[in-house]
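The block underneath contains the structure these notes are about, expressed in structure tokens.
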Amino acid sequence: MDLFKQVEALIAEIREAQPTDAEGLEQFRRRFVGTKNVIKPFFAEIRNIEADKRKAFGQLLNEAKQLAEQKFEMLKSSVAQAQEESEAQAFDLTAPAEPIELGARHPVAIVMDRIIDIFSRIGFAVAEGPEIEDDWHNFTAMNTPEDHPARDMQDTYYVMNDPGMLLRTHTSSVQAHVMTTQKPPIRIIAPGRVYRNETISARAHCQFHQVEGLYIDEGVSFADMKQTLLYFARQMYGPDARIRLRPSFFPFTEPSAEMDVYWGLKDETDYRITKGTGWLEILGCGMVDPNVLENCGIDSKRYTGFAFGMGIERQAMLQYRVSDIRLFFENDLRFLKQFRGAL
Ligand code: DAH
């Protein structure tokens, strides 16, 4: 066959080629554009062509070469598109979804919510205050003026460029926020995080959580406090729970007490966690000191009230038999996953 006809046949072949997949595309590349493509050898034939047809043959060859290259670029994108489409079809929209792993609530949050729930059933509303607190709300308003020895027991972190600001040491600071902005009757609980300058150990941490309680009205008595706390203990620790109040001291209450719940002495752990007494200390409480009421602009002749504050980690440790307080703050999933579905 004459060389012109052979090249024209190749041009026709290039025009017609329509590979639909990567394999066909590769075959096209090797045949028409690769280093050993079928057009190349014809360039060597140019010198064998009669002189007057040489130019035309050269042009024909160039046309074949360019056409092959253009077509290859075009085919590359159309094959890629076809591939995407067929992958999209392979995606089964009716298949059931991948399961989403369920998280767990944090044990501190679980216990905190239980406490909130118990008190909200008898009319206590939730109040909040800032964790970065001023000296007045945390100490002075709570009858703990500067240089008062009770401040030593609650050393904390101070803001370096403003020593009047600190990380609150207790949720009692929320009492001052509520009493300066609301009028009695006041009946609130204040859950939240608090900070102390403590050496971290299995039993102590520089951050933990408390729930504060405050009830101010005319004629609120110590008996009201005791009955409220007994109700709490029975809801939290079972209908047979017993409590006892031991005299204590807090600057912001007078008289002050610590409340223990009877835990029992059934096994060796009970001996250890109750120090052999069977009783567990749960919270501090007392009648709000008249100085605190006056500091916050409440008439202490007319109103009385009680307050209490309890630690949450301690109760969570008891409830879930967690032996090291640090576990609550390490965010180790192996620990946290154990509380899936916990109530
Ligand atoms: N704020 C105290 C503490 O962190 C706990 C406390 C004791 C709170 C007696 C009170 C209270 O409201 O009346 O140790």
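The values are calculated or read from the model by the stated rules, or taken from the named source; none is laboratory data. Source: prediction; values computed, not measured. Don't worry about glycine lacking a Cβ; one is built from the backbone with ideal geometry, like all the others, and counts go over all protein chains shown. These area figures cover heavy atoms from the full protein model, side chains too; ligands, DNA and RNA do not enter into them. Shrake-Rupley method; radii C 1.70, N 1.55, O 1.52, S 1.80 Å.
Cut-off 10 angstrom, C-alpha nodes, Gaussian network model of the chain. Which of Ile298, Ile132, Ile100 fluctuates the most?
With Cα springs under 10 Å in the chain, the top fluctuation among Ile298, Ile132, Ile100 is at Ile100.
If R₀ is 35 angstrom, what is the calculated FRET efficiency for the pair Tyr231 and Val159, using the beta carbon separation as r and rounding to 0.05?
Result of the calculation: an efficiency of 0.35.
Which percent of the accessible area of the range 108-339 is formed by carbon and sulfur heavy atoms (probe 1.4 angstrom)?
51 percent
Among the lysines, which have Cα under 23 Å from the Cα of Lys183 when same-chain residues fewer than 8 positions away are ignored?
Lys301
If you project the alpha carbons of the range 108-339 onto their three principal axes, what span does each projection cover, largest first, in Å?
Principal axes ranked by extent give 50, 45, 30 Å for the Cα atoms.
Name the residue farthest towards the positive end of the dipole of the range 108-339 from the options His177, Phe208, Ile243, assuming +1 on Cβ of Lys and Arg, -1 on Cβ of Asp and Glu, about the Cα centre.
Ranked along the dipole, the leading option is Ile243.
Taking the chain as a Gaussian network, Cα atoms linked when under 10 Å apart, which of Glu45, Glu133, Glu294 shows the biggest mean-square fluctuation?
Glu45
What lysines does Lys36 reach when the alpha-carbon gap must be under 22 Å and sequence neighbours fewer than 8 apart in one chain are set aside?
Lys5, Lys65, Lys71, Lys76
Expressed in nm to one decimal, what extension gain is obtained for the pair Ser300 and Arg326 from 0.36 nm per residue of sequence separation less their Cα-Cα distance? Please report the intermediate quantities before stating the final value.
Details: separation 26, 0.36 × 26 = 9.36 nm, distance 4.16 nm.
Between Ser300 and Arg326, full extension yields an extra 5.2 nm.
Using only Cα atoms, tell me the angle between helix 3-16 and the longest principal axis of the chain; keep it within 0 to 90° and round to the nearest 10.
That works out to roughly 30 degrees.
Where the accessible area of the range 1-96 is counted over protein heavy atoms with a 1.4 Å probe, how much of it, in %, is carbon and sulfur?
With neighbouring chains kept in place, the figure for the range 1-96 is 52 percent.
Report the gain in length on full extension from Gln27 to Ala109: 0.36 nm times residue separation, minus Cα-Cα distance, nm rounded to one decimal. If you can, show how the numbers build up before the last one.
Values: separation 82, 0.36 × 82 = 29.52 nm, distance 6.49 nm.
This chain segment gains 23.0 nm when fully extended.
Which net charge results for the neighbourhood of Ile186, defined as the other residues with beta-carbon distances under 14 angstrom from its beta-carbon, given Lys and Arg at +1 and Asp and Glu at -1?
Here the count lands on -2.
Length gain on complete extension for the stretch Asp224 to Ser78, per 0.36 nm per residue less the alpha carbon to alpha carbon distance?
44.3 nm
In a Gaussian network model over the chain where Cα atoms closer than 10 Å are linked, find which of Met310, Met153, Met287 has the largest mean-square fluctuation.
Met153
Given the -39500 (n - 2.57) contribution per DSSP H run of 4+ residues, what per-residue ellipticity at 222 nm results for the chain, rounded to the nearest 500 deg cm²/dmol? Can you show the working numbers first?
Values: 11 runs with 132 residues, N = 343.
Helices in the chain give a 222 nm mean residue ellipticity of -12000 deg cm²/dmol.
Order these peptides, 259-272, 329-342, 222-235, by their mean beta-carbon neighbour count within 10 angstrom, highest first.
Details: 259-272: 14.8, 329-342: 12.1, 222-235: 17.1.
Taking the mean over residues of other Cβ atoms within 10 Å, the ranking is 222-235, 259-272, 329-342.
Just to be sure I understand the model, the point goes 7 Å from the Cα along the line to the Cβ. What's the resulting Ala56 to Asp2 distance in nm?
0.7 nm
Could you check the spin-label model distance between Asp147 and Arg193? Points 7 Å from the Cα along Cα→Cβ, value in nm.
3.5 nm
Probe of 1.4 angstrom, ligands and nucleic acids ignored: what's the accessible area per residue over the range 73-210, in square angstrom?
59 Å²
Can you give the charge dipole size of the chain about its Cα centre, rounded to the nearest 20 debye, using +1 on the beta carbon of Lys and Arg and -1 on the beta carbon of Asp and Glu?
Roughly 800 debye, rounded to the nearest 20.
Note the angle between two axes, namely the Cα long axis of helix 51-90 and the longest principal axis of the Cα atoms of the chain, as a number of degrees from 0 to 90, rounded to the nearest 10.
30 degrees
Stick to the Cα atoms of the range 3-90, pair each with every other, and give me the Kirkwood hydrodynamic radius in Å at one decimal.
Computed over Cα pairs of the range 3-90, the Kirkwood hydrodynamic radius comes out at 14.2 Å.
Among the aspartates and glutamates, which have Cα under 14 Å from the Cα of Lys55 when same-chain residues fewer than 8 positions away are ignored?
The qualifying aspartates and glutamates are Glu45, Glu63.
If R0 is 45 Å, what FRET efficiency do you get for Arg246 and Glu101 from their C-beta distance, rounded to 0.05?
So the FRET efficiency works out to roughly 0.45.
Would you please put 166-176, 76-86, 142-152 in order of how densely packed they are, using the mean number of other Cβ atoms within 10 angstrom per residue and starting with the highest? Intermediate results must be reported in sequence, preceding the final value.
Numbers: 166-176: 25.0, 76-86: 12.4, 142-152: 14.5.
So the peptides 166-176, 76-86, 142-152, ranked by packing, come out 166-176, 142-152, 76-86.
How would Ile186, Ile243 rank on accessible area, largest to smallest, probe 1.4 Å?
Ile243, Ile186
Would you check the accessible area of Glu101, probe 1.4 Å, heavy atoms only, in square angstrom rounded to 10?
130 Å²
What do you get for the angle between helix 107-120 and the principal long axis of the chain? Use alpha-carbon atoms, 0 to 90 degrees, nearest ten.
Taking Cα atoms only, the helix is inclined about 50 degrees.
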